[in-house]
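So the structure is just underneath, and the comments pick up after that.
The values are calculated or read from the model by the stated rules, or taken from the named source; none is laboratory data. Note that this is a predicted model, so its numbers are computed, not measured. Here Cβ is always computed from backbone atoms with ideal geometry, including for glycine, and neighbour counts include all displayed protein chains. In case anyone asks, the SASA skips ligands and DNA or RNA and just uses the protein heavy atoms, side chains included. Shrake-Rupley method; radii C 1.70, N 1.55, O 1.52, S 1.80 Å.
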Amino acid sequence: MTRLIVAAAQMGPVARHEPRSAAVARMVALMRAAHARGARLVVFPELALTSFFPRWILEGDALEAWFEGPLPGPEARPLFETAAALGVGFVLGYAERTADGRHFNSALLVGADGQVIGRYRKVHLPGHDAPQPGRAFQHLEKRYFLPGDLGFPVFPAFGARLGMLICNDRRWPEAWRCLGLQGAELVCLGYNTPLDHTGHAEIDSLSAFHNHLSMQAGAYQNALWVVAAAKCGREEGSDMLGQSAIIAPSGQIVAMAAGLDDEVICAEIDLGMGRRYRETIFDLARHREPGAYRLIVERKGAGDPLPLSPAARGA
Ligand code: CDT
């Protein structure tokens, strides 16, 4: 039985002009607090080093300034050094600029020795690629990032098969299933969810419900643990959801943040718990029916509704 203490390091607002070094100092304090509670792995939010810049219209150097080259650079180095000194691994969300100048919304998995184990690049980019007139805050992820090109990798780490998702990915069952089909036991996830994210009050008022609904379903239907960390509170006038959570393969929330500021939540997780689900109700090899799923044509965009199958037409 593999047991592991994990932590979600929720972060309150990061101001537009807050230097990376200040955000990193907060993250080091959160990591130390998690370590004091026995955690071996700490999950930080999406785009943790800066304010959530896709809310603003930015061009050229003013946009480039929000991205990181190879990590650790000088400002993020204390986080990597603290991890190595404490023997704590972490997952860090950040804006990645590749050597050839491409931009991704990425997460880095770092081992307890401070060395990079692997990387994930966000696949499901929300928002728009053109500024929307009349909005108090833009959501320009489709303008500023490319869709992730690494698939949904699963890494052997911390005694588990570990995958990562980033924010909007959590709303897409395909993302969870890609990890579940690879036997992921633990998914680490960071998010920035503005409370006005759809612009429709009847949907936005359910933001907290939909956050947990998506993650609890992903956990249960794929028999895995979820460690999810929010960046939250009122950031530059934009209110963002908190409720960072640790969720069991049963779909039950076992720890949840209480406030809207920097806060560590921890849980001791039993990776064997997922195995019980994978060997019974969610034995994917035994119970899935890929032949039936192939009847659905894979395509992007809504398009015309799919034609009814012969059986549905009564043929
Ligand atoms: N950061 C991110 O992915 N946020 C989305 C909401 C934005 S939709 C315009 C989310 O799924 O929480």
Which pairs turn up if I take residues in the stretch 80-101 that are in contact (Cβ under 8 Å) with a residue 40 or more places away in the chain and at negative phi and look for partners that are in a strand (DSSP E or B) and aromatic (Phe, Trp, Tyr) with beta carbon separation below 9 Å, at least 6 apart in sequence or on another chain? Ala83/Phe90; Val91/Tyr120; Gly93/Tyr191; Ala95/Phe104
Hey, among Phe155, Phe145, which residue is within 17 Å of the chain's Cα centre (by Cα) and away from the ligand (no atom under 16 Å from the Cβ)? Phe155
Taking the condition within 11 Å of the ligand (Cβ to nearest atom) and either in the same structural domain as Gly87 (by TED's automatic domain parsing) or touching a residue at least 40 places away in the same chain (Cβ under 8 Å) (or both), does Trp176 pass? no
Sort out which residues of the stretch 242-290 are modelled with pLDDT under 95 and of a type in the set (Phe, Trp, Tyr), and write them in order of number. none
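Name the residue, out of Arg135, Arg171, that is at pLDDT below 95, assigned by TED's automatic domain parsing to the domain that holds Ser106 and either within 15 Å of the chain's Cα centre (by Cα) or basic (Lys, Arg) (or both).
Matching residue, one of Arg135, Arg171: Arg135.
Answer yes or no as to whether Ala208 is among the hydrophobic types (A, V, I, L, M, F, W, C), within 15 Å of the ligand (Cβ to nearest atom), under 24 Å from Pro54 (Cβ atoms) and loosely packed, with under 14 Cβ neighbours inside 10 Å.
Yes; evaluated as a whole, the condition is true for this residue.
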Those residues that are closer than 25 Å to Arg234 by Cα and within 13 Å of the ligand (Cβ to nearest atom), I need them from the stretch 107-130; list them, please. Ala107, Lys122, His124, Leu125, Pro126, Gly127, His128, Asp129
In this structure, is Ala184 small (Gly, Ala, Ser), without any contact (Cβ under 8 Å) to a residue 60 or more places away in the chain and open to solvent by 10 Å² or more (accessible area, probe 1.4 Å)? no
Would you call Ser238 within 15 Å of the ligand (Cβ to nearest atom) and hydroxyl-bearing (Ser, Thr, Tyr)? yes
Of everything in the stretch 134-153 that's touching an Asp or Glu at 6+ places or on another chain (Cβ under 8 Å) and part of a loop (DSSP other than H, G, I, E, B), which residue is least open to solvent (accessible area, probe 1.4 Å)? Leu140
Positions within the stretch 179-205 being more than 11 Å from the ligand (Cβ to nearest atom) and not in a helix (DSSP H, G or I), in sequence order: Gln182, Gly183, Ala184, Glu185, Leu186, Val187, Cys188, His200, Ser205
Consider Gln115 against the criteria (1) open to solvent by less than 70 Å² (accessible area, probe 1.4 Å); (2) free of Cβ contacts under 8 Å to residues at least 40 places away in the same chain; (3) of a type in the set (S, T, N, Q); (4) under 30 Å from Arg3 (Cβ atoms): it satisfies all of them except one. Which criterion is unmet? (1)
